[in-house]
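Have a look at the structure below, then the notes.
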């Protein structure tokens, strides 16, 4: 069936995406870079990508949107972020368990008010878009209305989002506890209401083992068995005291991961945030299960939780799916570029190396693979959804001074330029964000060097 020219869009710029995993293959063979390219989109899906001079002749009547001197990439994928914590980002001076009690729990109690929750959800999603994040795995609260308004706002923006109601039935203030059978019923209703509606997916979300009894985790596992296509999203081995407390609460489990394993919550659609304190055995079992780890470097540094061992997670012997995550509000920025900057530093502190291509892979195709969504997003393959961002490597005076010529003519030049952008860049480096080929955000003020 022929496609009308009216249903086609085209974009001209430099393009960068990934065709393989640079952690396990030669980087130059994992990267697709076109210095002067054209991407043609039919509806909301990618139809063609190639050098401008070769491809333009095949689509002479299609209007072209041009971004000279810019770099177009797939939208960033944030695989662990708390929208209720937006208001208390940058709260001073506590490690995890004390920080939760003093700052997080009181704020989350406010989300019983649906109008308040909607206001925060709207601001939160707009922050994702202006930072170039087009897909996110989001934590809510124990209140179903906090889930409803988030999904409603995400659907209005046509964003791809994974979220679910937080499950907590102990070790938190009374106003944030829901008994396990009630939470189970609420989850069932929310799954029926939101799972696979548009670009939305549902996640069974026990906060972490400390706030869940064995009964609650058993019901969560039963729910996962009944709805195998939904995700599991929780925290794992973030903080030393958390790991110790978990061992006290579940004395028959040999390690933290086993707590979730016993209840059927570890599989290829399970997302575990942090993993800072994992043992070698836990890494191996995560690899075997096909589960994913959300690497949250800004958060881990801010709360003093420790240094995630990316080299261990991406070992050839026991590879684990890893994606990047801002974690807000323990994380310090919605910017995936700032998150990458801290990820590089976390690796450096352990004598490891995180190249610019590996870092951007984690933020795009690597995140998509971690979520089992690489058939839909994360790269510019034909048929994938057209979520993409336009990056400005001269977005600030310093960035422009560092990158006086924005377009690279080789992969070596590109690596140098994007590394500088990763270290120096933030939301100002996002020129535009497109969701399903529609402009969702555009930076109004631009710097000219």
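The numbers here are math on the coordinates, done by the rules we state, and not lab data. What you see is a predicted model, and the numbers here were worked out from it, not measured in a lab. A quick note on method: Cβ atoms are made from the backbone with ideal geometry, for glycine too, and the neighbour counts reach across all protein chains shown.
Taking every DSSP beta bridge that has both residues in the chain, what percent is antiparallel when rounded to the nearest 5? Bridges in the chain are about 45 percent antiparallel. Seen against the Cα atoms of the chain and their longest principal axis, helix 144-156 is set at about 10 degrees.
Give the shape of region 289-398 as rounded, prolate or oblate, defined through the alpha-carbon gyration tensor: a ≥ b ≥ c are the square roots of its eigenvalues, a/c under 1.5 means rounded, and otherwise the shape is prolate if a/b is larger than b/c and oblate if not. Write out the running numbers ahead of the final one.
Details: a/c = 1.68, a/b = 1.11, b/c = 1.52.
Oblate is the answer for region 289-398, as a/c is 1.5 or above yet b/c matches or exceeds a/b.
A quarter of the convex hull surface defined by the alpha-carbon atoms of region 92-220 gives 8.0 nm² as the mean projection. For the residues 118, 188, 157, a GNM of the chain with alpha-carbon springs under 10 Å puts the largest fluctuation on 188.
Listing 374, 387 from fewest to most neighbouring C-beta atoms within 10 Å gives 374, 387.
Helix 180-194 versus the longest principal axis of the chain: what is the Cα-based angle in degrees, 0 to 90, to the nearest 10? Once rounded, the angle reads 20 degrees.
In degrees between 0 and 90, to the nearest 10, how far off the longest principal axis of the chain does helix 240-249 point, with axes built from Cα atoms? Roughly 40 degrees between the two axes.
Calculated FRET efficiency, residue 195 and residue 156, Cβ-Cβ r, R0 25 Å, to nearest 0.05?
Values: r = 18 Å, r/R0 = 0.72.
With a Förster radius of 25 Å, E is 0.90.
Could you list 262, 9 so that the one with the fewest beta carbons within 10 Å of its beta carbon is first and the one with the most is last?
Values: 262 16, 9 21.
Ranked by crowding around the Cβ, least crowded first: 262, 9.
Give me the distance between the Cα centres of region 403-434 and region 116-168, rounded to whole Å. Distance between centres, Cα-based: 29 Å.
One way to sum up the overall shape of region 254-296 is the equivalent ellipsoid from its Cα gyration tensor, whose semi-axes run 14, 13, 10 Å, largest first.
Computed over the alpha carbons of the chain, Rg followed by Dmax gives 21.4, 68 Å. What shape does region 1-68 take by its C-alpha gyration tensor, where a ≥ b ≥ c are the square roots of the eigenvalues and a/c under 1.5 counts as rounded, a/b above b/c as prolate, and the rest as oblate? Taking the square roots of the gyration eigenvalues as a ≥ b ≥ c, region 1-68 is prolate.
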